[in-house]
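Reading through the structure tokens given below for one structure.
The values are calculated or read from the model by the stated rules, or taken from the named source; none is laboratory data. Here the structure is a predicted model, which is why all the values come from computation and not from measurement. Here Cβ is always computed from backbone atoms with ideal geometry, including for glycine, and neighbour counts include all displayed protein chains.
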Amino acid sequence: MGHGHHHHGHDVPFAPDDVPAVLDTSVPDSELSPDEVTRRGFLRNAGLLGAGAATGSVFAGAGAASADAGSSRSVAEGGDGGHRDDDRSRPGNLRWLAGDHHIHTQYSSDAMYRVIDQAQHAAAYGLDWMVVTDHGSVAHAKIGVDKVNPNIVAAREELPDMLIFQGLEWNIPAAEHGTVFVTPGRNEVAVLKEFENAFDGTVTNTSGSTPANEAHAIAGLNFLADAVKRRRVEHALFLANHPARRGVDSPHEFRGWREAAPGVAVGMEGAPGHQAAGIPAPHGPGSGRGFYDNAPSAASFPGYPLESYRTWGGFDFFTATVGGLWDSLLAEGRPWWVTANSDAHTIYLDTAVRGPNSDFNANGAYNDPVHGGVPNGAAGDFWPGYYSKTHVGAAGASYRAVMEGIRDGRIWVDHGGLIRNLDVRVKVQGDRDGGTTLGGALSVRRGSSVELTIDIDLATTPNWAQILPVLTRVDVIAGAVTGPAADKDVFTAPGTKVVKSFEVTAGKKRVSFTHRFPRVDAPFYVRVRGTDGNRTAAGFNGAAVDPVGPAMDVVGSADPWGDLWFYANPIWVLPR
């Protein structure tokens, strides 16, 4: 795939507001608060703002020793503190709201359910928020984006406790699909419609893998960023969907999206939807989990291995591989988050069929579905919330708070109700404050000892498959922050590995673990995952990097309920 021309902007391991004054170099120091001046000075001195941020020179050659060494305990120890951190990443009074950002309705050419059908099931299966993401298409751009909105508004009124966003599944020019959504308001339809008509790859015939089309995708992200800047919408977000499925999202495209619009382009599906697709025939579709059953094409990035076209423990190769593409972005200090969702089109074993006499091309939608037919064992999807959940740390139960939580990376994801709750924090050893949680960055004095704390509420009731999930192991993964890569198409992070694994004692309702990083003298990040331990193998990069990771899923024989994982987004530690 060709390289597009990307716009470069500030990209630091602090989740950006749109854009906070401290990161906006056009705002003079005299207009900042004393705390903001202090933080700006730290960022500038660390090479994370201004000229240093462009070159990454401060991080060049930073070793992984601080991330590799460490000790672990099951209880916190004492010690001295002395640090500053990003206030937005403090756990504080966050509410962890479960949701799904990838859901289709009768306004998608390959789906059939009403908005209220999806919303009612989402609520019944424990979700707090959801995004309607019908496929970008000529019919949707012309008709569907307008017609679905009254359905969404009606569902909001009928289910006042469910936050229902309007979005779309963008055919990214030169790449795969992605979720795009905005804050509800008087311009939500107008902004989405303008965006789709001007920048959808199918609508504008820009799907081919060319530099010009890559630039068109960047222009689309710039349009969304401009809509926020001009206050047409409060927030707009983009997340890449099923990124490794066809191999057409090249590493430099991820970097280009993030650099172009850091307040909009924030992450990717760590695990795709369509998780029922791996259920063996004749009881299920007999495909790959996520319908990841592909092979490279002429449009695929040639560097990806064949193994990347399969899921690993139900998760995308880019996320599941320790030291892989996700880690390569994190090692650069790029905030790039992972999510999980249903991608619900047609539901496994549901009896509904599309309404009779439908004319999608003329009406932009199928007629309302009719229930009571034969159970559909070939469908690969679960209802929203039934299997996959994206948990977002939000400051409140509002559309704005959920979008800000996603943008700032306060996210953990799970399959099959493996755990009930997760609290991950990093703090200076012995410090008594709340610490820094997912998506945040902790600034510490050089030489300080830092501790990671993990508190997990375990599953106590059966999931929707009537299985009581049992968490057996939690892995701590850490890697050095080495600065921007010289090669924009690199998708490895050799310094990242599993640094500690904790075995979970059976029969408990809650477990807590602590891992210590002594004498921190170089920047690093840390992230956490966990498993039921049913299917494991040495990671793609070898046992020295990931001794007991997820196994590659077998096409045609991948029961999603028998292989459960959770993943949490990273926290950075930055010595000063």
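More than 29 Å from Phe524 (Cα to Cα), among the polar types (S, T, N, Q), touching a residue at least 60 places away in the same chain (Cβ under 8 Å) and out of contact with any Cys (no Cβ under 7 Å at 6 or more places or on another chain): is that true of Thr346 in this structure? Walk me through how you get there before you give the answer.
Numbers: more than 29 Å from Phe524 (Cα to Cα): yes; among the polar types (S, T, N, Q): yes; touching a residue at least 60 places away in the same chain (Cβ under 8 Å): yes; out of contact with any Cys (no Cβ under 7 Å at 6 or more places or on another chain): yes.
Criteria met by Thr346.
So which residues in segment 79-96 are surrounded by 21 or more Cβ atoms within 10 Å (Cβ to Cβ) and either modelled with pLDDT of 80 or more or of a type in the set (Ser, Thr, Tyr) (or both), if there are any at all?
Ser89
Name the residue, out of Ile411, Ile347, that is touching a helix residue (DSSP H, G or I) at 6+ places or on another chain (Cβ under 9 Å) and closer than 18 Å to Leu239 by Cβ. Please lay out each step first, then the result.
On the way: Ile347 fails: closer than 18 Å to Leu239 by Cβ.
Going through Ile411, Ile347 in turn, just one is touching a helix residue (DSSP H, G or I) at 6+ places or on another chain (Cβ under 9 Å) and closer than 18 Å to Leu239 by Cβ: Ile411.
Consider Gly288 carefully, then state whether it is surrounded by 24 or more Cβ atoms within 10 Å (Cβ to Cβ) and within 26 Å of Val548 (Cα to Cα). Talk me through it step by step, then tell me what you get.
On the way: surrounded by 24 or more Cβ atoms within 10 Å (Cβ to Cβ): yes; within 26 Å of Val548 (Cα to Cα): yes.
Spelling it out, Gly288 is indeed surrounded by 24 or more Cβ atoms within 10 Å (Cβ to Cβ) and within 26 Å of Val548 (Cα to Cα).
Do you know which of the residues in segment 508-534 that are among the charged types (D, E, K, R) and more than 23 Å from the chain's Cα centre (by Cα) is surrounded by the most Cβ atoms within 10 Å (Cβ to Cβ)?
Of all residues in segment 508-534, those among the charged types (D, E, K, R) come to 508-510, 516, 519, 521, 527, 529, 532.
Cutting the leftovers down to more than 23 Å from the chain's Cα centre (by Cα) gives us 508-510, 516, 519, 521.
On the way: Lys508: 13, Lys509: 10, Arg510: 11, Arg516: 18, Arg519: 13, Asp521: 12.
Step by step, filter segment 508-534, then rank; the result is Arg516.
Results for (1) touching a strand residue (DSSP E or B) at 6+ places or on another chain (Cβ under 7 Å); (2) of a type in the set (Phe, Trp, Tyr); (3) closer than 15 Å to Tyr567 by Cβ, shown as yes or no for each residue.
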position: Gly377; (1), (2), (3): no, no, no
position: Thr390; (1), (2), (3): yes, no, yes
position: Ala397; (1), (2), (3): yes, no, no
position: Gln429; (1), (2), (3): yes, no, no
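Take segment 414-451 and flag every residue that is over 29 Å from Ala236 (Cβ atoms), outside any strand (DSSP E or B), of a type outside the set (Gly, Ala, Ser) and out of contact with any Phe, Trp or Tyr (no Cβ under 7 Å at 6 or more places or on another chain).
Result: Gln429, Asp431, Arg432, Asp433, Arg445, Arg446.
Among the residues that make up segment 396-403, is at least one of them crowded, with 24+ Cβ neighbours inside 10 Å, of a type in the set (Phe, Trp, Tyr) and under 21 Å from the mean Cα position of the chain (by Cα)?
no
Looking only at residues that are over 20 Å from the mean Cα position of the chain (by Cα) and of a type in the set (Ser, Thr, Tyr) in segment 436-463, which one is surrounded by the most Cβ atoms within 10 Å (Cβ to Cβ)?
Result: Ser448.
Which of the residues that make up segment 423-435 are buried (at least 24 other Cβ atoms within 10 Å of the Cβ) and either assigned by TED's automatic domain parsing to the domain that holds Trp312 or at positive phi (or both)?
Correct list: Gly435 only.
Looking at (1) surrounded by 20 or more Cβ atoms within 10 Å (Cβ to Cβ); (2) in the same structural domain as Gly288 (by TED's automatic domain parsing); (3) within 30 Å of Pro282 (Cβ to Cβ), which is the one condition that is false for Asp414?
(2)
So how many residues does segment 467-503 have that are surrounded by 19 or more Cβ atoms within 10 Å (Cβ to Cβ) and either not in a strand (DSSP E or B) or not assigned by TED's automatic domain parsing to the domain that holds Arg529 (or both)?
11
Of everything in segment 315-332 that's part of a loop (DSSP other than H, G, I, E, B) and touching a Gly at 6+ places or on another chain (Cβ under 7 Å), which residue is nearest to Ala265 (Cα to Cα)? First the steps, then the outcome.
Residues of segment 315-332 that are part of a loop (DSSP other than H, G, I, E, B), as a first pass: 316, 321-324, 332.
Checking the rest, the ones that are also touching a Gly at 6+ places or on another chain (Cβ under 7 Å) come to 316, 321-322, 332.
Numbers: Asp316: 18, Thr321: 22, Val322: 22, Glu332: 16 Å.
Restricting to residues being part of a loop (DSSP other than H, G, I, E, B) and touching a Gly at 6+ places or on another chain (Cβ under 7 Å), the top hit is Glu332.
Sort through Arg245, Arg232 and tell me the only one that's buried (at least 24 other Cβ atoms within 10 Å of the Cβ), at pLDDT 95 or above and part of a loop (DSSP other than H, G, I, E, B). Spell out the reasoning first.
Working: Arg232 fails: buried (at least 24 other Cβ atoms within 10 Å of the Cβ).
Answer to the selection: Arg245.
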